[in-house]
Amino acid sequence: YTKMGNLLGSPYEENLGDAQQALASLAKAIRIGENLDRTRPQNAAVIRRLAVARRSVAEVSFSIGNTARAIESSRAAAQSLAALAMRPGSGWADAQEAASTFDSLGDLYGLHGSASLGDVHAALDSYRKALALDYRALAIEPGNIRSQRGAAIIQMKIANASGDIEPLVALKGYASALAALDQLPPQARQAMPSPRVAAIIHRGMGTLYFEIGRFKEALPNLLSARDLFASLAERDRDDTRSRFDLSNVNYELGQVRESIGDHAGAREAYRQVVRILE
């Protein structure tokens with residue numbers, strides 16, 4: 001039921017966009033998990049599955065703007081998984097699941113352009129906990145793809161959250177995130193969500209360079225982001241998220257081109273925005 005809920009509406013995975021049906025499926029998962037927890041208290045597998053279901057409820061609720069419910073579910077999941085990860089003899093999977101949960105909790109606190117609480121400092125605290133847990137997982141299981149990719153994503157999110165406070169530190173964070181992605185095996189770099197993460201990193205770098213007036217460095221990063229998002233949109237014509245991301249990058253490219261005096265290029269970028277949104 002948790003997997004079905006994620007397939008139906010988790011914003012953190014490729015999904016069918018049906019949040020209400022996703023929440024209905026996840027409610028079933030939680031009822032089963034709570035019944036098992038009453039009969040098997042302190043059972044690691046039950047604690048893990050129940051916490052993951054609660055994390056999914058938080059993520060889907062966040063996607064439809066119900067941040068209060070999302071925070072409640074995410075905190076409960078994070079507390080359970082962090083305690084599990086600290087048990088003697090716990091494996092890399094427990095650390096990784098805890099990392100994923102602190103990652104999504106950080107989004108609830110301060111993800112840009114969303115219905116987050118806008119608390120950057122709380123977001124950074126959660127992201128740093130997530131990064132430490134990903135490194136813990138990698139210490140137990142070096143070369144684990146999920147934790148390697150997770151660490152890259154967290155470094156990207158720390159850079160996103162730091163951009164308004166310390167832009168030069170944020171730029172270093174983006175560079176570290178790209179380097180972490182580059183260390184993945186070729187197949188993992190090509191498989192979702194790695195190309196999307198790379199696109200978001202390049203867009204973040206390009207936007208930040210633009211905001212601090214370094215237009216020549218903004219342009220190649222935004223072009224890389226545009227090409228990656230275009231490739232993702234081409235893979236699946238029903239992938240509205242990638243198409244919307246592509247429209248945003250084209251808008252930012254238009255701003256950069258306008259700033260450097262390339263008005264023809266700016267007009268074409270803005271036309272692309274209109275075509276995509278229409």
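What the table shows:
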{"read-out": "Ile32 paired with Arg235, simple spin-label distance in nm, labels 7 Å along Cα-to-beta-carbon", "value": "2.9 nm"}
{"read-out": "Assigned charges on the beta-carbon of Lys, Arg, Asp, Glu; region 47-155 dipole about Cα centre (debye)", "value": "260 debye"}
{"read-out": "FRET efficiency, Arg267 to Ala68 (Cβ-Cβ, R0 35 Å, nearest 0.05)", "value": "0.20"}
{"read-out": "Residue-level accessible surface for Asp119, protein heavy atoms, 1.4 Å, Å²", "value": "70 Å²"}
{"read-out": "Approximate spin-label separation Lys3-Ala132, in nm, with each point projected 7 Å along Cα-to-Cβ", "value": "3.3 nm"}
{"read-out": "Ile145-Ile165 FRET efficiency (beta carbon distance; Förster radius 30 Å; 0.05 resolution)", "value": "0.45"}
{"read-out": "Long-range lysine pairs (8 or more apart or interchain), the chain, Cα under 27 Å", "value": "8"}
{"read-out": "In degrees, nearest ten, helix 167-182 long axis to first principal axis of the chain (Cα)", "value": "70 degrees"}
{"read-out": "Solvent-accessible area, 1.4 Å probe, carbon plus sulfur percent, for region 1-116", "value": "52 percent"}
{"read-out": "C-alpha center-to-center spacing [region 222-278, region 24-61] in angstrom", "value": "40 Å"}
{"read-out": "On Cα atoms only, tilt of 120-140 relative to the major axis of the chain in degrees", "value": "70 degrees"}
{"read-out": "FRET E, pair Glu211, His121, Förster distance 25 Å, beta-carbon r, rounded to 0.05", "value": "0.75"}
{"read-out": "Accessible-area ranking of Arg196, Arg87, largest first, probe 1.4 Å", "value": "Arg87, Arg196"}
{"read-out": "Tilt relative to the chain, helix 240-259 - C-alpha long axis, 0 to 90 degrees, to 10", "value": "40 degrees"}
{"read-out": "Translational diffusion coefficient (Stokes-Einstein; Kirkwood radius from C-alpha pairs) of region 1-122 at 37 °C, 0.692 mPa s, in µm²/s", "value": "228 µm²/s"}
{"read-out": "Approximate spin-label separation Leu277-Ala83, in nm, with each point projected 7 Å along Cα-to-Cβ", "value": "4.8 nm"}
{"read-out": "The chain - mean residue ellipticity at 222 nm from DSSP helices (-39,500 (n - 2.57) per run, n ≥ 4, rounded to 500)", "value": "-26500 deg cm²/dmol"}
{"read-out": "About the Cα centre, charge dipole magnitude for the chain (Lys/Arg +1, Asp/Glu -1 at Cβ), debye", "value": "660 debye"}
{"read-out": "Accessible area, probe 1.4 Å, largest first, for residues Glu234, Glu13, Glu278, Glu252", "value": "Glu278, Glu234, Glu13, Glu252"}
{"read-out": "Positive-end residue, the chain charge dipole about Cα centroid, Cβ charges, pick of Leu219, Ala132, Ala45", "value": "Ala45"}
{"read-out": "Net lengthening on full extension, Arg75/Ala188 (0.36 nm per residue, minus Cα-Cα)", "value": "37.7 nm"}
{"read-out": "Among Ser194, Asn144, His121 the positive-end extreme of the charge dipole of the chain (Cβ point charges)", "value": "Asn144"}
{"read-out": "Sequence of Met205, Met192 from largest to smallest accessible area, 1.4 Å probe", "value": "Met192, Met205"}
{"read-out": "Rounded accessible area per residue of the chain, 1.4 Å, Å²", "value": "50 Å²"}
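The values are calculated or read from the model by the stated rules, or taken from the named source; none is laboratory data. Note that the structure is a prediction, hence the values are computed from the model and not measured. All Cβ positions, glycine included, derive from the backbone under ideal geometry; neighbour counts span all protein chains shown. Ligands, DNA and RNA are stripped out before the accessible areas are found, and what is left, the full protein with its side chains, is counted by its heavy atoms. Shrake-Rupley method; radii C 1.70, N 1.55, O 1.52, S 1.80 Å.
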